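Data block below; observations after.
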Amino acid sequence: MSDYIVEMKHITKRFPGIVANDDVSIGIKKGEIFALLGENGAGKSTLMSMLGGMYEPDEGEIYIRGEKVTISSPNHAAKLNIGMVHQHFKLVSDYTITENIILGVEPIRKFAGLFPYVDIRNANRKIEELSKSFGLEVDPTKKIADLNVSMQQRVEILKVLYREADILIFDEPTAVLTPQEIEFLLEIIKGLRDGGKTIILITHKLDEIKKVADRCAVLNKGKLVDVLDVKTTSVNRMAQLMVGREVSFEAEKAPAEFKEEVLKVEHLTVKNEDGFEVVKDVSFTIRGGEIFAIAGVADNGQVEIADAIAGLTKVSGGTIFLGGKDITNETIRNRTEAGISYIPEDRHSFGLFLDFDLATNLALKQYYREPYSSKGILNKEEFEQSGSRLIDKYDIRSGQGVKTQVRSMSGGNQQKAIIAREIELQSPLMIFVQPTRGVDIGAIENIHKMIIEERDRGKAILLISLELDEIMNVADTIGVIYNGQLQKIASRESLTTNEVGEYMMGAKHE
Ligand SMILES: Nc1ncnc2c1ncn2[C@@H]1O[C@H](COP(=O)(O)OP(=O)(O)OP(=O)(O)O)[C@@H](O)[C@H]1O
Ligand SMILES: [Mg+2]
């Protein structure tokens with residue numbers, strides 16, 4: 001028998017217009033953490049989906065524990081003790097944690113030896129034990145709808161462990177987590193490995209690979225570039241192999257030239273559904289030519305500020321002025337017209353129509369205007385022409401150009417599409433919420449460049465990010481939020497990373 005618990009030999013997978021995996025061969029050793037690195041659309045999720053039983057390869061062979069297999073379904077993968085934690089969770093929100101975990105493998109008992117029923121109580125107990133033994137504590141009776149993202153991810157992991165997976169695939173598990181949650185998850189992953197499990201980890205964050213992975217495969221446009229020993233390879237080398245050029249981790253930026261005031265927020269207060277104040281008396285202004293970044297730990301009110309300005313959430317106190325005009329009670333469309341672009345945090349719920357094609361999605365905010373339509377009639381040709389232009393300009397990669405259904409695009413390329421559409425609106429105010437989440441390092445560099453370019457064109461920019469590095473890199477002015485209140489507003493130059501960190505934790509305030 002070979003050294004490898006998983007072997008993929010000469011795997012090719014095609015989708016309409018694209019070769020997602022092109023003759024890829026890799027071997028994964030039992031008990032290692034094997035990372036997969038590559039640009040958005042390089043084919044990482046596709047390759048792993050073939051182990052998870054979502055797709056079958058067009059060519060090539062898969063061996064598990066030395067035996068040749070055809071993995072025909074996720075259930076079949078589970079029988080081979082392979083489990084996948086997906087990039088986009090697949091949980092039923094009305095069901096409890098237990099119901100989600102046992103879905104498809106319900107423990108059936110017979111009442112009076114005759115009538116079958118699902119033994120929920122027993123399942124609850126078993127899941128509680130399981131969750132404790134792996135350090136992933138949950139309350140099994142809670143509904144998915146009431147859980148935050150990190151808890152939902154725990155459920156996905158438990159689901160895989162419940163099915164006794166010993167080959168675990170994580171597809172960008174840290175993209176949706178806060179820095180503290182990431183630390184926790186990486187420890188869990190190391191623990192799983194030390195317990196003898198084999199881990200495959202897809203991530204865009206090189207420092208995570210450096211921290212936990214043993215080996216790392218690099219994919220580029222569907223092809224395997226190299227398999228690296230992580231200990232002896234520098235982060236810069238990984239970046240270079242992946243993008244095919246040198247990557248700069250620091251954004252280049254001329255000094256800001258501030259113009260007239262574009263946005264003014266005065267005494268803004270926002271309440272959540274339970275009537276609890278999540279934004280408390282927040283005031284700030286952003287001028288043209290200024291990048292104003294809000295730094296903070298997740299869930300401290302920063303997203304609610306962005307939503308209130310864009311009109312997605314109701315304001316319970318205070319006023320919002322755009323270009324001197326009070327827009328506090330305007331509709332979303334009126335705000336867009338008045339000059340707000342918005343890149344939302346949750347691109348699947350708010351950013352895109354997944355079942356529409358790329359051309360339509362790129363025109364989504366302008367379709368009712370010239371030249372996209374005239375006298376109420378849509379001009380299809382214009383959709384396609386300007387769509388193609390944006391695909392080139394923003395390097396959006398997809399199988400069939402403007403005709404690609406957005407659902408089939410890779411996560412990072414969906415994000416690039418939203419950014420392209422919103423920048424093209426040329427609004428005086430641009431709001432970016434977590435613009436580089438799930439985006440590869442080459443594309444991060446480009447997005448930062450674009451944000452700075454828009455600033456230099458005189459736009460006012462509100463940047464909300466959980467990545468302190470990103471904020472220190474791009475911002476001109478920083479507002480630090482803690483518990484719904486701005487603790488400090490100051491120029492980027494006057495603050496150190498440490499200080500910002502202290503304000504973020506509420507350890508320091510004005
Ligand atoms: N079901 C599908 N139908 C058509 N094309 C697809 C499908 N799934 C993936 N693709 C295409 O295959 C290519 C590889 O996509 P994949 O999702 O594997 O990339 P990825 O490396 O995981 O990228 P990301 O880092 O952005 O998640 C992309 O061009 C994508 O558009
Ligand atoms: Mg992916």
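Each value in this text was obtained by applying a stated rule to the coordinates, not by laboratory testing. Keep in mind the model is a prediction, meaning the values are calculated, not measured. All Cβ positions, glycine included, derive from the backbone under ideal geometry; neighbour counts span all protein chains shown.
Just to be sure I follow: if Rg is taken over the C-alpha atoms of the chain and Rh is the Kirkwood radius over the same atoms, what is Rg/Rh?
Here Rg/Rh amounts to 0.98.
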To the nearest 0.05, the calculated FRET efficiency linking Leu130 and Thr232 through their beta-carbon distance, R0 being 45 Å, is 0.75
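Nearest-5 percent of antiparallel DSSP beta bridges in the range 4-243?
60
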Holding the Cα-Cα limit at 20 Å, pick out from Lys30/Lys90; Lys9/Lys29; Lys29/Lys205; Lys271/Lys508; Lys264/Lys488 the pairs that are longer than that. Lys30/Lys90; Lys29/Lys205; Lys271/Lys508
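Over the range 370-422, what per residue volume does the convex hull of the Cα atoms give, in whole Å³? Each step should come with its number before you reach the end.
Values: hull volume 4.5 nm³, N = 53.
Hull volume over Cα atoms, normalised by residue count, gives 84 Å³.
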With only Lys, Arg, Asp and Glu charged, each at its Cβ (+1 for the first two, -1 for the last two), find how big the charge dipole of the range 4-243 is about the Cα centre; round to the nearest 20 debye. 320
Under the Karplus relation 6.51 cos²θ - 1.76 cosθ + 1.60, θ = phi - 60°, what is the ordered set of whole-Hz ³J(HN,Hα) values for the range 429-435, x standing for Gly and Pro? 10, 10, 10, 10, 9, 6, x
Normalised by the number of residues in the range 4-243, what is the relative contact order in percent for Cα pairs under 8 Å and 6+ residues apart? 28
Please list, in chain and number order, the residues 5+ apart from Gln87 or on another chain whose amide H is under 5 Å from its amide H, with Hs placed from the backbone. Asp171
Tail weight of P(r) past 22 Å, computed on alpha-carbon pairs of the range 68-206, percent: 40
Before rounding to the nearest 500, sum -39500 (n - 2.57) across all DSSP H runs of length at least 4 in the chain and divide by the residue total; then give [θ] at 222 nm in deg cm²/dmol. -9500 deg cm²/dmol
Exposure proxy ranking, count of Cβ atoms within 10 Å, fewest first, for Thr336, Thr198, Thr98, Thr232: Thr232, Thr336, Thr198, Thr98
Find how many whole Å separate the alpha carbon centroid of the range 346-397 from the alpha carbon centroid of the range 449-486. 27
Residue-ordered couplings for the range 476-487, obtained by feeding phi - 60° into the Karplus form 6.51 cos²θ - 1.76 cosθ + 1.60 and rounding to whole Hz (Gly and Pro as x), are 9, 10, 10, x, 9, 10, 8, 6, x, 10, 6, 7
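By count of other Cβ within 10 Å, fewest leading, how are Leu429, Leu36 ordered?
Ascending number of Cβ neighbours within 10 Å: Leu429, Leu36.
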Asp58 long-range amide H proximity, modeled H, under 5 Å: Thr12, Lys13, Arg14
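Report, in debye and to the nearest 20, how large the dipole of the chain comes out about its Cα centre when Lys and Arg carry +1 and Asp and Glu carry -1 on their Cβ.
1080
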Among Tyr342, Tyr4, what is the fewest-to-most ranking by other Cβ atoms within 10 Å? Tyr4, Tyr342
Note, the range 97-112: 3J(HN,Hα) by Karplus (6.51, -1.76, 1.60, θ = phi - 60°), whole Hz, Gly/Pro = x, goes 4, 4, 4, 5, 5, 8, 3, x, 10, 4, x, 9, 10, 10, 7, 6
Nearest-5 percent of antiparallel DSSP beta bridges in the chain? 55
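With N set to the residue count of the range 4-243, report its C-alpha Rg divided by 2.2 N^0.38 Å to two decimal places.
For the range 4-243, the normalised Cα radius of gyration is 1.05.
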So if each residue of separation counts as 0.36 nm, and I subtract the Cα-Cα distance between Glu137 and Ile377, what length gain in nm does that give? 80.8 nm
Plugging the Kirkwood radius over Cα pairs into Stokes-Einstein for the range 170-247, at a temperature of 10 °C and a viscosity of 1.306 mPa s, what D comes out in µm²/s? 119
